[in-house]
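The values are calculated or read from the model by the stated rules, or taken from the named source; none is laboratory data. No experiment lies behind these values; they were computed from the predicted model shown. Counting neighbours? That spans all protein chains shown, and the Cβs are built from the backbone with ideal geometry, glycine included.
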2 protein chains.
Amino acid sequence: MLQLPAYAAQCEERVHAPGVTEEQIRDRFMSTDIRREPMSLKAYIESVIPALMNDSTAVSCSRQIGHMTGSLPHYMPPLAELVTAMQQNVVKTETAKAATFLEKQVVACLHRLIFKCDAAFYDTLLRDTETLSGMVTSGGTTANIIGLWIARNGALGPDLAGGFAGVEQAGLLAAALHYGYRGAVIVGSALMHYSLKKAADLLGIGVQGLVPIPYDEHFRVNVDELERKVLECKSKNVCVLAIVGIAGATETGSVDDLQALAAVARRHSVHFHVDAAWGGPCLFSKAMAPTLVGIESADTVTIDGHKQLFMPMGCGMLMLRDPNKVRLVAKTASYIIRKGSNDLGRFTLEGSRPGNAFYMHANLACLGSIGYERLMDRSARICRYMAKVLHSTQEFEVMLKPMMNILLYRYLPMPVREKLRGANPSYHGLSDAEWEEIDQANISLQERQKADGKTFVSRTTVYSPRCRRSIVALRVVIGNPLTEEADIDQVISEQLRITSGESSDLTHSDSSGQLHWRALHDSQQDKCGRHYWERMSSNAKLFFLEDSAGF
Amino acid sequence: MLQLPAYAAQCEERVHAPGVTEEQIRDRFMSTDIRREPMSLKAYIESVIPALMNDSTAVSCSRQIGHMTGSLPHYMPPLAELVTAMQQNVVKTETAKAATFLEKQVVACLHRLIFKCDAAFYDTLLRDTETLSGMVTSGGTTANIIGLWIARNGALGPDLAGGFAGVEQAGLLAAALHYGYRGAVIVGSALMHYSLKKAADLLGIGVQGLVPIPYDEHFRVNVDELERKVLECKSKNVCVLAIVGIAGATETGSVDDLQALAAVARRHSVHFHVDAAWGGPCLFSKAMAPTLVGIESADTVTIDGHKQLFMPMGCGMLMLRDPNKVRLVAKTASYIIRKGSNDLGRFTLEGSRPGNAFYMHANLACLGSIGYERLMDRSARICRYMAKVLHSTQEFEVMLKPMMNILLYRYLPMPVREKLRGANPSYHGLSDAEWEEIDQANISLQERQKADGKTFVSRTTVYSPRCRRSIVALRVVIGNPLTEEADIDQVISEQLRITSGESSDLTHSDSSGQLHWRALHDSQQDKCGRHYWERMSSNAKLFFLEDSAGF
């Protein structure tokens, strides 16, 4: 118990404890004996919890800018305690009398944010037991699976006149036979999240049924090529189950031309699914919403709650433009989910589920749309700042102009740097060995930075249309409202230190002030997001250890 | 904030507030306006939270014995606060440096409980990055889906010599073509949980691909008929993807003859999946474990964490006897889940996930196997008590001898009661109108009892082999360690009051003392479970409102 505050303090100082390998941690979790006699709670707290926490990742550290997991509003942990104590199960109103309707309301609010239907639509929707405008899921992967499940069951639906019960009842083989299809595919950018592979496998079309379409230099899918692929499939009697558009690609933050994709989908009567797991909340921002135009034409949309909606880990959402389509996947059971009831369980992939919509309900109230807007605008600003700083250096190359708040860049070692930074920079002059050298330099840099534990960016291997090959790149996600310009300076400073072979001289927040890009720091920017979040953030303290008077 | 303690107190007195309809609650959650300006947290707590909580279901009320959702150990809500504050994401070690290994350990502990492999097995397992003995999921539905996904991908796997990449890559149509199958099915008891329907649909074999086999008078699947169906499928070139055994049917608590099913699966080289979502934890009990013999031969097993493992809502587990089989569904992505890493995300259906294994880790330590054993034995004892009490009455008919802690019974209205309770009771003398009358009486009784809000049992429609027809029955699940004999007395007392047309005279815990079955109450029974849980239970207080000194 005594160590807990120490853990909380560490969040501020480092991403994780350095010098502890995964193997060393693994060795602490090797026993598979289940003890017979209970351990006292006190002993458990004193012995187990600190050992676990001290080597956890401080995901909310403001210099952990490599993953989509950041900090939460300060009321989330106590709210999680409340949700757990209430133990509502939204599979059925009998175990979630009020939480059921709260979930329907929250989902409808987000439906309105995306699809902007009129008041009458929502009034009817929320009184109707046979439709749903969306559902809360355990995450974005589940939401993507459900979106494509709905797409498949819609594309290969019942043909009552023809005596076919639909793929939902009769399966894929019968569906292909009935409709004369030789196969079925899902098409979308080669940057589609790997959860789409899971979906394609699960849904029975195989990973090869997920057809990746090339993207352009801005990492947006080539819509013409996508349409050609759709036409080619049709000509071969291959059913196109869905077109997937990306609103915030995991690796690049790029957003496909959703309007153009929607038009293709409409022309060919194909289901249009938008994976807005990361980017969906940009709709709250007047500045960023135009990037997502076309999302309102999607049939289904994935938005992650535990990313930029700032819900705790384990919250996703799948939204349906047409709430009737939820019936394409509905199931009933006589003992639990009767037709005509308000029970959510008959429409959701998951059965027993916690009342996670409560977190979103609290955020909608306590952040408000203006809070979300400021948070979105703020992280985009920090991302632009980082791109600007990197671009001003000789050492780094920014791989694309960020569309939202994800940045892809790489370190250029000497002498490659000189070749690419000259008057007429060209990739063509690089030998295979030099390409390999750049990749290796970035792998070494990222691994070293990760091992040091003070700052963190992630790493990926991605095809670059400009480089005309797959490259290793560093990836930054600005999702944590605690991250500010000074943190960015430190991350870059740390990378320069590592690549220059210097030993660590990072002495926290003031060291970066001397760096040459300091002048770029616009201290006049709106700091509202940061200040707001500091008041709201959970990363500095663990509330159940304190008196609750402040809550 | 002031109302919160009031809510907590209500848990003890009622299941939910009476006289409030679902429509009335719905009307409170109709607005889809997202407010622009944030509400203060104080205002939110004071206005929204009580309104939500006052009409929630007190699932942990000791007289709510109708669903599988009960009370939790008292340390669960604060632990949930900690898990939320830590915000680990076990998709990847970079966001869950220690929690990843904790999950692998906890899952291996449960693997050992089921499959009892030797120490060397677990030592190798926990060092290996390319296998997994199981995974934590968002619930039992997801676990069942994963189990059957593994089954399907194994049955229709790659045939490298034949140039076939497997269903995982090439899809179901290509698999059927390659292997010459006309279809694919999953066979199991007609009592299979409705999540299996979802799995069959998702996996592309359609709901009709889920073949329900009749069960006997004890509600256990007819193994001979099941084997005949397997043979029939084989003779028709239909691939049997899996045989499903049930360990604790949702409606009846019955356990299939898992040993016999395992033998059938072995004889025909079919994947054997056991749905032990409810019943799995009976393995902790020396008295009950023999019921589950054969489970150790399963290829995959579903166990729900949020049922009898007393984890918070949203926790399931899928266990694999052979940890290598996890590769049948593995997926990778260059930016996040690299081959050879310890990242759990490449093997799990879900991507970003919370560190829910922590809850199980705490329970294994703080309840111990003896704690689980006592809790299992205790609930089975209460269930037998209820069956005995009901059987001793004229008014009720117990539909099967409970195998664990789920009870199925029904009320018999007059004059049907006399016909069935005579010297030679027989269902054959009943007319269709009389069958209908019994059903209607049970529907009315359950609805009235539910509306009153003081006590709760659930209701189902299930085929009864003894009645040779589908009947409406009342369903009781004894899963809450707070439920004791006096609560059972009150539930039955309330039902008798309702059916006799009396007005409510239930004045809490002492009224039941006068009932005629009071003599059956064995007050000498081991109360350890109850006392243990009272110390541990969360339902009496919401911890974040209190000083944490006691934690």
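The set of residues from the stretch B:368-388 being within 14 Å of chain A (Cβ to nearest Cβ) and among the basic types (K, R) comprises just one member, B:R374. Scan the stretch B:411-420 and tell me whether some residue there is in a strand (DSSP E or B) and surrounded by 13 or more Cβ atoms within 10 Å (Cβ to Cβ). Yes. Residue count for the stretch B:146-155 under the criterion of being within 9 Å of another protein chain (Cβ to nearest Cβ) and touching a Ser or Thr at 6+ places or on another chain (Cβ under 7 Å): the result is 0. Looking across the stretch A:148-205, the residues that are aromatic (F, W, Y) and out of contact with any His (no Cβ under 7 Å at 6 or more places or on another chain) come down to A:W149, A:Y179, A:Y181, A:Y194. Scanning the stretch A:167-190 for residues that are within 30 Å of A:Y463 (Cα to Cα) and facing another protein chain (nearest Cβ under 10 Å) yields A:G183, A:A184, A:V185. Scanning the stretch B:440-460 for residues that are buried (at least 17 other Cβ atoms within 10 Å of the Cβ) and in contact with a strand residue (DSSP E or B) (Cβ under 8 Å, 6 or more places away or on another chain) turns up B:A441, B:N442, B:L445, B:Q446, B:Q449, B:K450, B:T455, B:F456, B:V457, B:S458, B:R459, B:T460.
Looking across B:Q308, B:Q259, one residue alone is away from chain A (no Cβ under 14 Å) and farther than 19 Å from B:L148 by Cα. It is B:Q259. Looking only at residues in the stretch B:64-116 that are of a type in the set (F, W, Y) and within 25 Å of the chain's Cα centre (by Cα), the one that is farthest from B:E494 (Cα to Cα) is B:F115. Is it the case that A:I295 is in contact with a Pro (Cβ under 8 Å, 6 or more places away or on another chain) and β-branched (V, I, T)? So A:I295 does not fit the description; no. Restricting attention to the stretch A:147-163, the residues that are in contact with a Gly (Cβ under 9 Å, 6 or more places away or on another chain) and assigned to a helix (DSSP H, G or I) total 2.
The rows are residues; the columns are (1) closer than 23 Å to B:R220 by Cα; (2) within 14 Å of another protein chain (Cβ to nearest Cβ); (3) part of a helix (DSSP H, G or I).
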| residue | (1), (2), (3) |
| --- | --- |
| B:L390 | yes, no, yes |
| B:L400 | yes, no, no |
| B:M404 | yes, no, no |
| B:K454 | no, no, no |
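Inside the stretch A:487-523, residues that are modelled with pLDDT of 50 or more and surrounded by fewer than 18 Cβ atoms within 10 Å (Cβ to Cβ) make up a count of 6. Applying the criterion of being farther than 20 Å from B:W149 by Cα and more than 7 Å from chain A (Cβ to nearest Cβ) to the residues of the stretch B:338-348, the residue that is modelled with the highest pLDDT is B:D343. Tell me, please, whether a residue that is small (G, A, S), at the interface with another protein chain (Cβ under 9 Å from one of its Cβ atoms) and more than 21 Å from A:Y359 (Cα to Cα) can be found in the stretch A:156-166. Yes; the residues of the stretch A:156-166 include at least one that is small (G, A, S), at the interface with another protein chain (Cβ under 9 Å from one of its Cβ atoms) and more than 21 Å from A:Y359 (Cα to Cα). Would you check if there is a residue in the stretch A:349-370 being at pLDDT 95 or above, polar (S, T, N, Q) and under 22 Å from A:Q169 (Cβ atoms)? No: the stretch A:349-370 contains no residue that is at pLDDT 95 or above, polar (S, T, N, Q) and under 22 Å from A:Q169 (Cβ atoms).
Taking each residue of the stretch B:347-359 that is within 13 Å of B:G134 (Cβ to Cβ) and looking for partners that are aromatic (F, W, Y) with beta-carbon atoms closer than 9 Å, six or more apart or interchain, yields B:L349/B:W149. Note on the stretch A:21-113: enclosed helices (runs of 4 or more DSSP H) holding 1 or more residues that are hydroxyl-bearing (S, T, Y) and over 30 Å from B:R459 (Cα atoms) are A:41-54. Taking the stretch A:95-141, which residues are facing chain B (nearest Cβ under 9 Å), surrounded by fewer than 22 Cβ atoms within 10 Å (Cβ to Cβ) and charged (D, E, K, R)? If the condition is that a residue be facing chain B (nearest Cβ under 9 Å), surrounded by fewer than 22 Cβ atoms within 10 Å (Cβ to Cβ) and charged (D, E, K, R), then A:R112, A:D123, A:R127 are the ones that fit. Scanning the stretch A:57-94 for residues that are facing chain B (nearest Cβ under 7 Å) and touching a Cys at 6+ places or on another chain (Cβ under 8 Å), we see that the one that is surrounded by the fewest Cβ atoms within 10 Å (Cβ to Cβ) is A:Y75.
For B:N54, the conditions (1) surrounded by fewer than 18 Cβ atoms within 10 Å (Cβ to Cβ); (2) in contact (Cβ under 8 Å) with a residue 12 or more places away in the chain; (3) within 7 Å of chain A (Cβ to nearest Cβ); (4) not aliphatic (A, V, I, L, M) are fulfilled apart from (3).
When the residues of the stretch A:461-484 are filtered to those that are away from chain B (no Cβ under 14 Å) and in contact with a Ser or Thr (Cβ under 8 Å, 6 or more places away or on another chain), the one that is surrounded by the fewest Cβ atoms within 10 Å (Cβ to Cβ) is A:E484. The sole residue among B:G314, B:G355, B:G351, B:G340 that is assigned to a loop (DSSP other than H, G, I, E, B) and surrounded by fewer than 24 Cβ atoms within 10 Å (Cβ to Cβ) is B:G340. Of all the residues in the stretch B:267-290, those that are surrounded by fewer than 19 Cβ atoms within 10 Å (Cβ to Cβ) and either touching a helix residue (DSSP H, G or I) at 6+ places or on another chain (Cβ under 7 Å) or not in a helix (DSSP H, G or I) (or both) number 5.
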